[in-house]
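The values are calculated or read from the model by the stated rules, or taken from the named source; none is laboratory data. Owing to the predicted nature of the structure, the values given are computational and were not obtained by experimental measurement. Here the Cβ is made from the backbone with ideal geometry for all residues, glycine too, and neighbour counts use every protein chain on show. Protein only, heavy atoms only, side chains kept; ligands, DNA and RNA dropped before computing areas. Shrake-Rupley method; radii C 1.70, N 1.55, O 1.52, S 1.80 Å.
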Amino acid sequence: MFLTDRKLILVLTSVVVSVFQSATAEEPDKNTATLRSAFKDDFLVGVALNTAQVDGRNANAGEIAARQFSALTPENDMKWQSLHPQPDRYDFKGADAYADFAEKHGMALIGHNLIWHSQTPRWVFQGADGKPATREELLKRMEDHIHTVVGHFKGKVKGWDVVNEALSDGGPDLLRDSPWRKIIGDDFLDHAFRFAREADPQAELYYNDYGLENERKRANCVKLIKGMLERKVPIDGIGTQSHFNLNQPSPGEIEKTIQAFADLGLKVMITELDVDILPGRGPQGNADINRREQADPAANPYTGGFPDDMQEKLARRYAEIFGIYLKHRRSITRVTFWGLDDGTSWLNGFPIRGRTNHPLLIDRQLKPKPAFFSVLKAGMESPAK
Ligand code: 9MR
């Protein structure tokens, strides 16, 4: 039977709305009309979750996440400041809840992240006398942290974002001038990956960054990773975060980035996908959390709801993006959304605080949006079928 796109979406809507309502977490694959089953022969489909979604406080969200997604990234709770707030104190309680949730629901757990310039306590970079730490001190700290954290989750984490956002956003230098680079030097990445491999030889190891669809940053990323491969640094994949908006980056740039990384012989992962639908002035794709823009009511037009024409636009953009991912499904091993629903997206606070954004597939009432159905449809029509 031939169905037009609109009719197929209507059929899917009725199936999936009932799936959303009757979901039981114990049988995530009972119905076929879920993202995790639609893409099961293509790539993992992941979601970033927060504590309340995995510890039972937001049980409805947890059930939807378990039913729809096959991979899970803790949005914040495996960052250095959460796991290792003081020199002699590790705290795994919060993060362990994600490992339990992932195991219970048969989801791959992604460790995010080991080494980053952000969300890392100040003491990490300080020496005993208040001066900056020496290279040796910081390398030792890095080794202890990676060995302890990766060791704790050994056998539970499928892959780690070992180094996050090390590339610069401009200027002559390849690398960002972070405390890691200033104190250790450019080889800090090599050490981080080697420590991670020592701690869990089975876990996949990834480099993760934003804005890699930008020509300069993509080329710099390729250069960085080529160098690591030449030096026999253990790395298995590259994560392109993919914080997109409705028009940018272009399909051509998205595709070039996937191809450039696949050409290195590494796994390609889309690690933090969302589509910002609000007006912005800053450089598109720059997810540097320190970047801020001036608040302005004109930049917050959808506080009362998301109109149908915009829902359609978002659905079409997601269809375009997933068309590219499916074309490259042999290179892509995972596509992860950065948040379950619009209400919990970081984009409500970035780069202007307190806005109402609508960047994901599921709305604030935890109902699937037209964008959800366009992605589901893409999966159901995948060439793998
Ligand atoms: O979504 C995360 C937000 O809740 C945090 O406040 C923020 C700072 O830790 O980090 C956000 O996630 C970032 C991710 O860890 C790395 N890439 C950019 C993401 C968005 O800022």
In segment 135-153, which residues are open to solvent by less than 40 Å² (accessible area, probe 1.4 Å) and touching a Pro at 6+ places or on another chain (Cβ under 9 Å)? L138
What's the number of the condition I115 fails, among (1) closer than 18 Å to W180 by Cβ; (2) away from the ligand (no atom under 16 Å from the Cβ)? (2)
Hey, can you tell me all the residues within segment 306-352 that are open to solvent by 30 Å² or more (accessible area, probe 1.4 Å), in a loop (DSSP other than H, G, I, E, B) and in contact with a helix residue (DSSP H, G or I) (Cβ under 7 Å, 6 or more places away or on another chain)? S331
Out of (1) open to solvent by 10 Å² or more (accessible area, probe 1.4 Å); (2) in contact with an Asp or Glu (Cβ under 8 Å, 6 or more places away or on another chain), the one L83 does not meet is (1)
Tally of residues being within 16 Å of the ligand (Cβ to nearest atom) and either on the phi > 0 side of the Ramachandran plot or not acidic (D, E) (or both) across segment 52-75: 10
Does segment 20-34 include one or more residues that are touching a helix residue (DSSP H, G or I) at 6+ places or on another chain (Cβ under 7 Å), at pLDDT 95 or above and at negative phi? yes
Just checking, which of G239, G211 is of a type in the set (G, A, S), touching a helix residue (DSSP H, G or I) at 6+ places or on another chain (Cβ under 8 Å) and within 16 Å of the ligand (Cβ to nearest atom)? G211
If I ask for residues that are within 13 Å of the ligand (Cβ to nearest atom) and open to solvent by less than 20 Å² (accessible area, probe 1.4 Å), which ones from segment 271-294 would you list? T271, E272, L273, D274, G285, A287
Given (1) open to solvent by less than 10 Å² (accessible area, probe 1.4 Å); (2) within 15 Å of the ligand (Cβ to nearest atom); (3) under 20 Å from R181 (Cβ atoms), index of the condition I110 fails: (3)
Would you confirm whether any residue within segment 121-134 is open to solvent by less than 30 Å² (accessible area, probe 1.4 Å), within 21 Å of E198 (Cβ to Cβ), touching a strand residue (DSSP E or B) at 6+ places or on another chain (Cβ under 9 Å) and not aromatic (F, W, Y)? no
Out of A61, A48, I need the residue that is outside any helix (DSSP H, G or I), open to solvent by less than 10 Å² (accessible area, probe 1.4 Å), of a type in the set (A, V, I, L, M, F, W, C) and in contact (Cβ under 8 Å) with a residue 40 or more places away in the chain. Which one? A48
Within segment 361-384, is even one residue within 15 Å of the ligand (Cβ to nearest atom) and surrounded by 21 or more Cβ atoms within 10 Å (Cβ to Cβ)? no
